[in-house]
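Written out below as structure tokens is the structure these notes cover.
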Amino acid sequence: MTSAVDPEHLSALWRRRWSQGPPVAHELRTRHPERWVRVHSLPGSKRYPVTEEEYAVVLERYNAVLGELFGGGEVYVVTVGWSWERGGREPAERRREVHPEGVRWLTLVDEDDHGRAETYTHLYADRRPWRRGCVDPILREVADDVLAGVFVTDVGMRRIHHPYDGGADVLLTSPEERERLRGRFTEWLSPNASGL
């Protein structure tokens, strides 16, 4: 069951918590490296699942980290669609199919080098109680690189889980909390010093 979403409240909350830029999930790790950790979704840093067993591992890992972050609370689930017109409907049918509860929160304009709008990025959000598996249809589409830009955050927007095809970028409240999460999921971290 989802709750109503107030787009203005979400925008104000974002500005208060993540003021260094717009809600573009893949940019957060470079804006907040001291609070960022990446976990891989398959052993050996394999990017895409092929078998149902591998999909089960991917979903298990996503859900384990999400449960650690949000267990017992409520979350905002944010999905993204793109169009070539401000009010346009994005062509990604799968986003609408796996996130029908999503209410348009915000539209970001991507401009070319001359300041002309090229594409519009539409963010859709809903609020729901966190429970294991509640975003599995979305996560499966992310794992297949059908959906991008997705993130899940607590209702105070203190922590962000940004799944991508191959893993998840996690933004935490402090470097100390990041280190605790790293310690909890050591086997799922990259062996590279960069953390990628």
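Here are a few things to note about the model shown:
- Selection of strands (runs of 3 or more DSSP E) fully inside region 92-194 by the criterion of at least 1 residues being out of contact with any Lys or Arg (no Cβ under 9 Å at 6 or more places or on another chain) and in contact (Cβ under 8 Å) with a residue 60 or more places away in the chain returns 103-111, 117-129, 151-154, 160-164.
- Residues located in region 23-51, provided they are within 16 Å of L147 (Cα to Cα), out of contact with any helix residue (DSSP H, G or I) (no Cβ under 8 Å at 6 or more places or on another chain) and open to solvent by less than 20 Å² (accessible area, probe 1.4 Å): A25
- Only a single item in (1) within 20 Å of R15 (Cα to Cα); (2) touching a Phe, Trp or Tyr at 6+ places or on another chain (Cβ under 9 Å); (3) not polar (S, T, N, Q) is not met by R158, and it is number (2).
- Residue match in region 5-27 (condition: within 17 Å of V170 (Cα to Cα) and charged (D, E, K, R)): yes
- Taken over region 150-196, the residue count meeting the criterion of being open to solvent by 30 Å² or more (accessible area, probe 1.4 Å), aromatic (F, W, Y) and either in contact with a Ser or Thr (Cβ under 7 Å, 6 or more places away or on another chain) or under 20 Å from A25 (Cα atoms) (or both) is 1.
- Residue satisfying all of: in region 14-57; among the polar types (S, T, N, Q) and out of contact with any Lys or Arg (no Cβ under 7 Å at 6 or more places or on another chain); nearest to R178 (Cα to Cα) among these: T30
- Given (1) open to solvent by 40 Å² or more (accessible area, probe 1.4 Å); (2) at pLDDT 95 or above; (3) among the hydrophobic types (A, V, I, L, M, F, W, C); (4) over 26 Å from T30 (Cα atoms), index of the condition W84 fails: (2)
- Scanning region 124-146 for residues that are hydrophobic (A, V, I, L, M, F, W, C) and at pLDDT below 95 yields one hit, V146.
- Filter result for E34 (acidic (D, E), part of a helix (DSSP H, G or I) and touching a residue at least 24 places away in the same chain (Cβ under 8 Å)): yes
The values are calculated or read from the model by the stated rules, or taken from the named source; none is laboratory data. Quick caveat, the model's predicted, so the values are computed rather than measured. So basically every Cβ, Gly included, is an ideal-geometry build from the backbone, and we count neighbours across all protein chains shown. For accessibility, only protein heavy atoms count, side chains too; no ligands or nucleic acids. Shrake-Rupley method; radii C 1.70, N 1.55, O 1.52, S 1.80 Å.
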